[in-house]
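Heads up, the thing below is written out as structure tokens.
The values are calculated or read from the model by the stated rules, or taken from the named source; none is laboratory data. Being a predicted model, the structure only gives us computed values, none of them experimental. Neighbour counts run over all protein chains shown; Cβ positions are idealised from the backbone, glycine included. The area values use the complete protein model at the heavy-atom level, side chains included, leaving out ligands, DNA and RNA. Shrake-Rupley method; radii C 1.70, N 1.55, O 1.52, S 1.80 Å.
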Amino acid sequence: MAHLNQVEQTDFPTLQETTGLSTTDMSKILKDLETRGLVHLSKERKERYGVTLVCLSETGQRTFKKLMQTLNRLAGE
């Protein structure tokens, strides 16, 4: 979510490379985040290949902001 918070959207391979997660783990995590309404997944065609695009939803942005505020508060104690 930290990476997604910094970009408007990204594709699956870039997100996978950034996190170092396997394809299987990344798919499971993104599906869970989508189910919770934290990310939007969409499919596009780039040249002859399908590409999965990922972006934070408004709920995801708010949730990430609250998480960071909580972590910063706890780190300051």
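Ranked by the mean number of other Cβ atoms within 10 Å of their residues, highest first, the peptides 39-47, 22-30 come out as 22-30, 39-47.
Springs between alpha-carbon atoms under 10 Å, Gaussian network over the chain: tell me which of Leu67, Leu15, Leu38 tops the mean-square fluctuations. For the chain, modelled as a Gaussian network with Cα springs under 10 Å, the answer is Leu67. Compared with the alpha-carbon gap, the fully stretched path from Lys43 to Thr23 is longer by 5.6 nm at 0.36 nm per residue. Expressed as a whole percentage, what fraction of the accessible surface of the chain belongs to carbon and sulfur atoms when a 1.4 Å probe is rolled over the protein heavy atoms? Carbon and sulfur together cover 50 percent of it.
Given only helices, namely DSSP H runs of n ≥ 4 each adding -39500 (n - 2.57), what is the per-residue ellipticity at 222 nm of the chain, to the nearest 500 deg cm²/dmol?
After summing the helix terms and dividing by the residues of the chain, the value is -18000 deg cm²/dmol.
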